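Remarks on the structure that follows.
The values are calculated or read from the model by the stated rules, or taken from the named source; none is laboratory data. None of the values given here were measured: they were computed from a predicted structure. Note: ideal-geometry Cβ built from the backbone for every residue, glycine included; neighbour counts use all protein chains shown.
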Amino acid sequence: MEKFTKLTSIVAPLDRANVDTDQIIPKQFLKRIERTGFGEFAFFDWRYLEDGVPNPDFILNEDRYSTANILVGGRNFGSGSSREHAPWALMEMGYKAIIATSFADIFRNNCMQNGLLPVILSESEVDTIMARALRGSGYKVTVDLDTQTVTDDQGLSAKFDVDPFRKNSLLEGLDDVGITMSLGEAIDSFEEKRTARW
Amino acid sequence: MAKTMFEKIWEQHIVAEPEGQPALIYIDLHLVHEVTSPQAFEALRITNRKVRRPDLTISTVDHNLPTDDTRNEDIKDPIARVQVDTLRQNCKDTGVVLYDIDSAAQGIVHVIGPEQGYTQPGMTIVCGDSHTSTHGAFGSLAFGIGTSEVEHVLATQTLRQAKPKTMEVRFNGELKQGVTAKDMILAAIGKVGTAGWTGYVVEYTGDAIKKLDMAGRMTVCNMTIEGGARAGLIAPDDTTFDWMKGRKFVPKGDDFDAAVAEWRELASDEDAEYDELLEIDCDTLEPHVSWGTNPGQVAKITDRVPSPDDFEDPADVSSAEHALEYMGLTGGTSIEDIEIDRVFIGSCTNARIEDLRSASLIVKGRTVASSVRAQIMPGSTLTKMLAEKEGLDTIFKDAGFEWRESGCSMCLGMNPDILVPGERCASTSNRNFEGRQGKGGRTHLVSPEMAAAAAIEGHFVDVRDWETD
C-alpha cells in the first residue's frame with residue numbers, strides 16, 4: 001500500500017451530498033481484472049459529454065483544479081456499492097486525500113486499504129475549505145496525518161480523528177494481510193475450537 | 001450481562017484483539033463473484049499466498065451474465081468474458097467451488113447462499129458486494145467488503161473490524177394487504193436518509209418483522225446498506241428454521257435439531273440494550289415509490305413528488321433539485337401520474353420465488369400496457385425452474401412479460417440489459433442512483449406487486465386497491 005504522511009496540494013471542490021460509487025466509477029468500467037485503468041473513467045457521466053469530450057460544466061474539469069491531489073466533497077461521500085474500483089479510480093485521477101463531513105463505511109475502509117486518506121471534518125470546516133476552493137484558484141491545504149491536522153495559510157487549523165491502527169498502517173504503508181498472517185497461531189487455535197464445535 | 005444478538009455473534013468470532021488494533025474476526029462463509037474478486041486472487045498469486053479455507057468459500061457468476069437466449073454462448077463483450085473466465089480459472093487453481101452458468105445452483109450470490117442452505121444463523125458472512133447484508137435475515141452477521149478485504153479473507157479467513165454500534169429498528173403493528181417488506185425498508189430509509197445508519201449494525205424487530213416470510217426478511221436486510229449500515233439482523237425463529245429445513249447444506253436429522261437449539265439462543269436477550277432505537281408504525285404504512293436518485297428519496301403512493309422548497313437543509317434542497325432534473329419530474333406531480341416505459345422484476349432484493357408468486361397474482365389474467373416493456377429476471381436458475389414448475393412463467397408470458405434467465409441484470413446493468421437515456425423504469429431493485437440502470441435511465445424503486453401493477457396500467461397505481469382472483 002502507498003504511504004500517506006503529509007501532503008500540501010491544491011483542493012478540488014465537489015459540492016454535492018451523497019456522491020455515490022456509481023458516479024465515481026460507473027458499472028460499465030468494472031469489468032477489468034486489473035487494479036489499474038480506471039482513472040480516465042472516474043465520474044464518467046458527469047465528466048464527459050456524449051461525444052467523449054470533457055464537459056466544461058463539470059467542475060473537476062476546470063484547469064485550476066487539474067493538479068489537485070485533495071478533493072473536498074459533501075456529506076456521505078462514497079455511498080453505495082463495495083466496489084474498490086472507486087478509490088482506485090480516484091487515486092488514478094490524482095487524489096490522495098478526500099475531505100468531507102462523512103463517508104460511507106465500506107468506501108472509507110476501501111480508501112484506507114489503498115492509502116487514499118479519508119478526512120472527516122466538521123460542517124463549518126468543510127464549508128470553509130469548500131468556499132475557499134471554489135473562490136479563485138490555487139487554494140491549498142496541508143493534510144498532516146501524523147499530527148492529524150488540516151491547515152491552510154488563511155488561518156484554518158482543523159483536527160481530525162483516525163483509528164490508531166489504520167494511522168500506523170498508512171504512515172508506514174503496511175500490508176494488512178501481512179500483519180494478520182503474523183497472528184497465524186491465533187487463527188489456527190480458533191479454527192481447532194471451531195472444528196470441534198461444528 | 002444481557003447481550004444483543006450482534007454482540008453474541010461478534011464475541012463468538014473474535015480470533016484476537018491485539019492492543020491498539022481492531023478485532024480480528026473469523027469468517028464462516030465467504031461468497032465470491034466475478035467482479036470484485038480477480039484483483040484479490042491476483043494479489044495472492046503475487047505474494048505467493050494460498051486460499052486458506054476453500055471449503056468455506058463459494059462462488060458464482062451473476063453480474064455479467066446475459067439473460068437472453070445468447071446465455072449459453074460465449075459472452076459477446078470481450079472484457080466481461082475475460083472477467084468470467086478469470087473467475088473460472090481462479091476457482092480451478094484454488095479449489096473454490098464455482099456455481100457456473102450451467103449449474104441449477106447458479107444465481108445472484110445473495111439468492112443462492114440461502115437457497116442452497118449455506119447461509120445459517122450465527123455465522124459471519126462476507127462478500128465483495130454491499131448487499132451481503134441480505135443474509136442477516138437468518139440471524140447471521142453479514143456485510144459487504146472491498147477487494148482488498150476479499151484478499152484478506154481469502155488469505156486468512158479473518159477480517160479486521162472496528163466494533164460497530166447497535167441500533168434497534170422496531171416495526172410495530174401489522175402490514176395491510178398490498179403493503180410489503182419493500183415498503184417497510186423504503187419507509188425506514190426515507191426516514192433516516194442514506195447515511196442515517198452509518199457506523200451501526202441494525203437489528204430489525206417488532207411484530208411486523210416476526211410476521212414476514214423469509215423472502216420479506218431478506219428484502220429488508222438486503223437494503224440495510226442503503227441506510228448506511230453494513231449489516232442488518234433478524235432473530236431466527238420457526239419461520240427461519242422451517243424455511244431452511246431440507247436445503248442442501250443445512251444439517252440433517254438430529255444435527256438439525258441440535259443446530260436449531262443453538263440457533264434459538266442467538267436472539268437478543270430481553271433486557272439487552274442498543275445504542276439507538278427507531279420505531280416505525282406498520283398499521284398506517286402505504287406502498288412506497290422512490291422519486292429521486294437515492295433510496296432515501298421516497299414517497300407514499302398517495303403522495304406527490306416533493307419540491308426542493310419542501311426541504312430545509314441546503315444539501316437536501318440541492319439534492320432534490322439535481323434529482324428532479326435528472327428524473328425529469330416536477331414537484332407537485334402525483335406519484336400515480338408518473339408514466340413508465342420499463343418494468344424490471346429482479347435483483348437480490350426481490351427476485352425470489354415468493355416475490356415472483358406475489359407479482360404473478362397481480363398479473364394473472366391481465367395484459368401489460370402497450371407502452372411498457374416488462375421483464376422478469378429470476379434470482380437464480382433454481383428459482384426460475386421452480387417458478388416454471390408452478391406455471392408462473394406462463395402467467396407472466398401470457399400477460400406480455402419477457403421471462404428471462406437469472407442474474408443481477410438490470411439492477412446495475414453490467415450485462416446487456418440496460419435502460420436507454422430518458423427511459424423510466426419501475427424496478428424491484430435496491431438503488432436508484434443516476435445512471436445505475438443505464439446512462440440517463442430513470443429508476444423508481446418499488447415492491448414486486450407495485451412493479452407488476454405499474455406494468456399493467458403503464459403508470460404507478462395503489463396496489464392496495466387491486467383485485468386479485
Here are B:409, B:370, B:358, B:380: which of them is among the small types (Gly, Ala, Ser) and within 14 Å of chain A (Cβ to nearest Cβ)? B:409
Being closer than 28 Å to residue B:101 by Cβ, facing another protein chain (nearest Cβ under 9 Å), in contact (Cβ under 8 Å) with a residue 40 or more places away in the chain and surrounded by 24 or more Cβ atoms within 10 Å (Cβ to Cβ) is the requirement here; does residue B:431 meet it? yes
Report, ordered by the first and then the second residue, all pairs with beta carbons closer than 6 Å, sequence separation of six or more or different chains, a first member in the stretch B:129-145 that is in contact (Cβ under 8 Å) with a residue 24 or more places away in the chain and closer than 14 Å to residue B:29 by Cβ, and a second member that is outside any helix (DSSP H, G or I) and basic (Lys, Arg). B:143/B:230
If you go through the stretch B:299-312 one residue at a time, how many are within 14 Å of chain A (Cβ to nearest Cβ) and touching a residue at least 24 places away in the same chain (Cβ under 8 Å)? 0
Residue list for the stretch A:89-105, restricted to those being in contact with an Asp or Glu (Cβ under 9 Å, 6 or more places away or on another chain) and either surrounded by 22 or more Cβ atoms within 10 Å (Cβ to Cβ) or away from chain B (no Cβ under 11 Å) (or both): A:89, A:91, A:92, A:93, A:96, A:99, A:104
Hey, does the stretch A:158-179 have a residue that's within 11 Å of chain B (Cβ to nearest Cβ), free of Cβ contacts under 8 Å to residues at least 40 places away in the same chain and among the aliphatic types (A, V, I, L, M)? yes
Residue B:258 outside any strand (DSSP E or B) and modelled with pLDDT under 95: no
Say we look at the stretch B:340-383 and pick out the residues that are touching a Lys or Arg at 6+ places or on another chain (Cβ under 7 Å) and charged (D, E, K, R); which of these is farthest from residue B:60 (Cα to Cα)? B:341
Out of the residues in the stretch A:13-27 that are in contact (Cβ under 8 Å) with a residue 24 or more places away in the chain and either at the interface with chain B (Cβ under 7 Å from one of its Cβ atoms) or in a loop (DSSP other than H, G, I, E, B) (or both), state the one that is surrounded by the most Cβ atoms within 10 Å (Cβ to Cβ). A:18
Only one of these conditions is not met by residue B:58: (1) farther than 23 Å from residue A:37 by Cα; (2) touching a helix residue (DSSP H, G or I) at 6+ places or on another chain (Cβ under 6 Å); (3) not basic (Lys, Arg). Which number is it? (2)
Residue B:376 versus (1) free of Cβ contacts under 8 Å to residues at least 60 places away in the same chain; (2) surrounded by 17 or more Cβ atoms within 10 Å (Cβ to Cβ); (3) more than 18 Å from residue B:115 (Cβ to Cβ): which is the lone unmet condition? (3)
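Residues B:387, B:451: which one is touching a Phe, Trp or Tyr at 6+ places or on another chain (Cβ under 8 Å), buried (at least 20 other Cβ atoms within 10 Å of the Cβ), hydrophobic (A, V, I, L, M, F, W, C) and not in a loop (DSSP other than H, G, I, E, B)?
None of the other options fit; the residue is B:451.
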I'm told residue B:231 meets every condition in (1) in contact with a strand residue (DSSP E or B) (Cβ under 7 Å, 6 or more places away or on another chain); (2) surrounded by fewer than 24 Cβ atoms within 10 Å (Cβ to Cβ) except one. Can you identify the failing condition by its number? (2)
I'm trying to understand the selection: among the residues of the stretch A:5-54, which are acidic (Asp, Glu) and within 17 Å of the chain's Cα centre (by Cα)? A:15, A:20, A:22, A:40
Quick one: which residue in B:323, B:315 is free of Cβ contacts under 8 Å to residues at least 12 places away in the same chain and either away from chain A (no Cβ under 13 Å) or under 20 Å from residue A:75 (Cα atoms) (or both)? B:315
Looking only at residues that are away from chain A (no Cβ under 13 Å) and farther than 21 Å from residue B:11 by Cβ in the stretch B:135-169, which one is nearest to the chain's Cα centre (by Cα)? B:137
Residue B:83: passes all of (1) within 12 Å of another protein chain (Cβ to nearest Cβ); (2) over 30 Å from residue A:169 (Cβ atoms); (3) polar (S, T, N, Q) but (2)
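Residue by residue, here is whether (1) out of contact with any helix residue (DSSP H, G or I) (no Cβ under 8 Å at 6 or more places or on another chain); (2) surrounded by fewer than 24 Cβ atoms within 10 Å (Cβ to Cβ) holds:
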| position | (1), (2) |
| --- | --- |
| B:205 | yes, yes |
| B:243 | no, yes |
| B:246 | yes, yes |
| B:253 | yes, yes |
| B:257 | yes, yes |
| B:269 | yes, yes |
| B:272 | no, yes |
| B:296 | no, no |
| B:299 | no, yes |
Strands (runs of 3 or more DSSP E) wholly inside the stretch B:144-248 containing at least 2 residues that are of a type in the set (D, E, K, R): B:165-172
Unique residue being more than 9 Å from every other protein chain (Cβ to nearest Cβ), in contact with a Gly (Cβ under 7 Å, 6 or more places away or on another chain) and over 30 Å from residue B:245 (Cβ atoms) when the list is B:67, B:119, B:36, B:94: B:67
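Looking at B:28, B:55, B:62 in this structure, which one is within 12 Å of chain A (Cβ to nearest Cβ), modelled with pLDDT of 95 or more and within 23 Å of residue B:104 (Cα to Cα)?
The match here is B:55.
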Restricting to the stretch B:301-320, name every residue that is acidic (Asp, Glu) and surrounded by 15 or more Cβ atoms within 10 Å (Cβ to Cβ). B:303, B:316
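Residue by residue, here is whether (1) closer than 26 Å to residue B:398 by Cβ; (2) within 25 Å of the chain's Cα centre (by Cα) holds:
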| site | (1), (2) |
| --- | --- |
| B:289 | no, yes |
| B:312 | no, no |
| B:334 | no, no |
| B:361 | yes, yes |
Which residue, of A:60, A:30, is at the interface with chain B (Cβ under 7 Å from one of its Cβ atoms) and under 30 Å from residue A:105 (Cβ atoms)? A:30
Going through the stretch B:347-357 one residue at a time, which ones are surrounded by fewer than 24 Cβ atoms within 10 Å (Cβ to Cβ) and in contact (Cβ under 8 Å) with a residue 40 or more places away in the chain? B:353, B:354
Residue check for residue B:422: within 18 Å of residue B:323 (Cα to Cα) and touching a Leu at 6+ places or on another chain (Cβ under 6 Å): no
Go through (1) among the small types (Gly, Ala, Ser); (2) modelled with pLDDT of 95 or more; (3) touching a Pro at 6+ places or on another chain (Cβ under 8 Å) and name the single condition residue B:20 misses. (2)
Do we have residue B:462 as farther than 29 Å from residue B:296 by Cβ, surrounded by fewer than 23 Cβ atoms within 10 Å (Cβ to Cβ) and among the charged types (D, E, K, R) here? no
